[in-house]
1. Is it true that residue 298 is over 33 Å from the mean Cα position of the chain (by Cα), at pLDDT 95 or above and of a type in the set (S, T, N, Q)?
2. Within region 311-341, restricting attention to residues that are over 28 Å from residue 209 (Cβ atoms) and open to solvent by 30 Å² or more (accessible area, probe 1.4 Å), which residue is nearest to the chain's Cα centre (by Cα)?
3. Which of the strands (runs of 3 or more DSSP E) contained wholly in region 246-351 include at least 2 residues that are among the aromatic types (Phe, Trp, Tyr) and under 22 Å from residue 378 (Cβ atoms)?
4. If I filter region 359-367 for residues that are within 30 Å of residue 282 (Cβ to Cβ) and not aromatic (Phe, Trp, Tyr), do I get at least one hit?
5. I need the full set of residues from region 64-80 which are surrounded by fewer than 22 Cβ atoms within 10 Å (Cβ to Cβ) and either among the charged types (D, E, K, R) or in a strand (DSSP E or B) (or both), in order please.
6. Could you please find all residues in region 122-134 being among the hydrophobic types (A, V, I, L, M, F, W, C) and surrounded by fewer than 22 Cβ atoms within 10 Å (Cβ to Cβ)?
7. Can you tell me which residue within region 135-149, out of those that are in contact with a Leu (Cβ under 9 Å, 6 or more places away or on another chain) and assigned to a strand (DSSP E or B), is surrounded by the fewest Cβ atoms within 10 Å (Cβ to Cβ)?
8. I'd like to check which strands (runs of 3 or more DSSP E) are fully inside region 365-429 and have at least 3 residues that are surrounded by 20 or more Cβ atoms within 10 Å (Cβ to Cβ).
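The values are calculated or read from the model by the stated rules, or taken from the named source; none is laboratory data. Bear in mind that the values here come from a model prediction, so they are computed numbers and not experimental data. Here Cβ is always computed from backbone atoms with ideal geometry, including for glycine, and neighbour counts include all displayed protein chains. Side chains are part of the model used for accessible areas, which takes the heavy atoms of the whole protein and leaves out ligands, DNA and RNA. Shrake-Rupley method; radii C 1.70, N 1.55, O 1.52, S 1.80 Å.
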Amino acid sequence: MRNRRFCNRVRQMRIIMSICCVICMIAAGITPAYAAETTAKLTASTETAARGSTTSVKVDLSGNPGIWGLKLKVIYDHEALKLTSVTNGSIFDQKEVTYSPDQDPFVYLAYYENIENGTGNGRMASLNFTVLSQTVGSTYPITLDVVQVIDMYGKDVALETQDGMVTVVSGSGSSNSDFSGSDYTDNSSTETKTEKPEEKPCQHKKTEVKNAVSAKETKSGYTGDIYCADCGQLIEEGKTIAAFKNSARKLSLRVSGSTETKNVLKWKKVSGADGYVIYGSVCEEEFEKQTVIKKGSTTTWTDKKLDPGTYYQYYITAYKLVNGKKLWIAKSPVIYATTDGGEYGNVTTVTVNKESVTLKKGKTFKIKAEQTADELPIEEQAEIRYESGNTKVATVNSKGVITAKKAGSCDIYVFAQNGIYTKIRVKVK
């Protein structure tokens, strides 16, 4: 609820501040100077800590072009780290902090009290963690997920992020020890050396995955390296997870049926997925997590207790579990559907001008597509989307223009706003 209050505050402040600032500046004969095009950056630090100790990950802001308000999620492994407190930095006047001991992300909200842009750089916040006693030695990412950044005029501010990490080392205690200098004494000359019995080679029966990182839309991930939990030997190196674009073809989410109070969602099973997370809301409102599907084989879910005659929006993400952590491997585009009982209906068919096309290399073809319903008209929430099944053979742009690339065959997918689709077979000579 605090997140929703912040979003409402942002919407209200955008309107109030824009009106007040423009009136004041016009009265003073000043032309509003909008935030510079400089891209700001949030950087989380890299820390090392032992099991049972505490550590503080610093979040610093640089290149600040002028920010009034910011909303940030921090995602971390709750089974390895416990967020005990947050120390506000010197940049923002106020902040609200929400976090919980389960898998929900920690949320940091901050803004300036006055109607003005702040251009300060430096420490925005310090995230104070305790490393849990059962945590295995590994590297645990601290992921910064920016939700919204605006200036005093209500204009969005570009903000890059650099994720941090906490590296957990062997041992325990309140801090890491430094075994260098005069505190260390070499007693090897006075020790009585005894022959140790020959040790049997480790069978590597227990393994653990280290250095796993989720993929993002703009950043590749890593499946993680497999190590022996007994001897620490590297058993198998991980693989890179490509940065994924929202793919309606790979994760084909659709609303397959609706009543006045329900929307039935279905999707295509993603290879290698251990589960899915579904997000949704009334159209034009902020997305909220609706449910977590804990089986990779599940491909349907029903959203209930909805309002009649109302448009809703959804998207779904697929994840793979590695050491209990979710690694994101696919994400669908947003789809839109209305419940029954209103003046609009949902798309039931997508028609195209041709079901198959033969092209020579370098030639193009323009798809003419239309989304229709059986009875009620459709209120357009999104344009028809297009996606190629093999971009090496043929590509398709957002306007539906197919371009032949090399000899072969592939399907071009044509998606309606509620996720239903048809295909065009393309053959390139």
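1. No.
2. Top of the filtered list is 334.
3. Filter on region 246-351 gives 311-322.
4. no
5. Result: 71, 73, 75, 77, 79.
6. Passing the criteria: only 132.
7. Of everything passing the filter in region 135-149, 145 is surrounded by the fewest Cβ atoms within 10 Å (Cβ to Cβ).
8. In region 365-429, the matching strands (runs of 3 or more DSSP E) lie at 385-388, 408-415, 421-428.
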